[in-house]
1. Which percent, nearest 5, of DSSP beta bridges in the chain are antiparallel?
2. Apply the Karplus parameterisation 6.51 cos²θ - 1.76 cosθ + 1.60, with θ equal to phi minus 60°, to every residue of region 289-306 and state each ³J(HN,Hα) to the nearest whole Hz, in sequence, with x for glycine and proline.
3. Can you give me the long-range amide H partners of VAL141? Hydrogens built in the peptide plane at 1.01 Å from N, cutoff under 5 Å, separation of 5 or more residues or another chain.
4. Please list, in chain and number order, the residues 5+ apart from HIS58 or on another chain whose amide H is under 5 Å from its amide H, with Hs placed from the backbone.
5. For a quick protection proxy, order the peptides 96-106, 284-294, 62-72 by their average other-Cβ count within 10 Å, most packed first.
6. Excluding same-chain residues fewer than 8 positions from LYS251, which lysines have a Cα within less than 28 Å of its Cα?
7. Is the shape of region 52-206 rounded, prolate or oblate, going by the alpha carbon gyration tensor and its root eigenvalues a ≥ b ≥ c, with a/c under 1.5 for rounded and a/b larger than b/c for prolate?
8. Which whole-Hz couplings ³J(HN,Hα) result when phi for each residue of region 204-221 is put into the Karplus expression 6.51 cos²θ - 1.76 cosθ + 1.60, θ = phi - 60°, listed in order with x for Gly and Pro?
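Since every read-out is calculated from the coordinates, none of them should be taken as a lab result. Bear in mind the structure is a predicted one, so any value in this text is a computation, not a measurement. Because the Cβ atoms are built from the backbone with ideal geometry, glycine has one as well, and the counts that use them run over all protein chains shown.
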Amino acid sequence: MIPCPMPTLRPRGTAVGLFVVALTVGCQQTREHSPSLRAAVAPPAVGAPSASTLPGLHNVVTYAPDVICGGVPEGAEGLQTLAAMGVQSIVSVDGATPDVAGAERRGMRYVHLPISYDTVTAERQQQLAQALHSLPRPIYVHCHHGKHRSAAALATAAVRAGVLTNDEALERMAVSGTAKDYQGLWQAVREASPLPQDGLRADPASFPSVSKVSGLVATMAAIDLVFDLVKQAQKAGWQAPQDHPDLVAPKETARLAQLFDDLQHDADSQALAADYQAMLQRAIAGATALDAALRASDRATADRWLEALGKGCKECHKDYRDRR
């Protein structure tokens, strides 16, 4: 902790007020790392029967005291809410690159330990348990939506670290909304067992702020993000939503079309089977048609193409994303 020198005071009203302001600024580093001083937004209660929505955060569920799960922080607002909750450490298990700098500006540490949709490997379970054991709390674990991967990652980590029993962890996953289709994620939590204390020890500095992921994983993570933005614009009548005034629908549909097209040129994507390639071509055509319809102000056609694109993504996920 950095000491905060105490200047000589003249105890007069204005001078005292200025001193308080100066002391607050001078000790900012200390305050940034003190949850008791920073916490202004209460996290959901432990054992709450449903997920909560907070400014810039969705599907927020508390698994244990100071151990919280949810969706990706949405820009500065989401990070600011985490800071107001007193969060000290953020763990992303998503493939997208986390906003490390934005978190650091608010006194929080980002750790990036991505997982797939099919399981939480034994190696990753141990890393996550070590992070839960070693990183400063409160700790917030997220994927993109906060329902599937982050729930399983945190549930296995909590069991392995001795924070929750298997049944307690499974109950919290259900509150997060983890789909039953992700049998590998559920199985990983059911089969998890506590690690010995020496297996939980890890140097907090050893955890990566950004992990390298393949081009396919990174592009799919970006598609998830942009697809959500497009759906937000659709719900607002293909206009900028009130809570997201900088969202430009044609810009996002163009990004979506470009991301699908990028998959044609990715080596991992090119190596997949013929049925995947056929689905990819349908997705490229659908995203291109969606963008064209929106630019022609044909909202009804844009609605239909977005629905078709969503169905195609779900079909592809069943055979490729959710089993990998």
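1. Antiparallel: roughly 30 percent of the beta bridges in the chain.
2. 5, 4, 4, 5, 5, 5, 5, 8, 6, 9, 5, 5, 5, 4, 4, 5, 5, 5
3. ILE68, CYS69, GLY70, VAL91
4. Counting only residues 5 or more places away or on other chains, the set is GLY71.
5. Listed from highest to lowest mean packing, they are 62-72, 284-294, 96-106.
6. LYS147, LYS212, LYS231, LYS235, LYS311, LYS314
7. Oblate, since a/c reaches 1.5 and b/c is not below a/b.
8. Those phi angles translate into x, 6, 7, 7, x, 6, 9, 9, 6, 10, 5, x, 5, 4, 5, 5, 4, 5 Hz.
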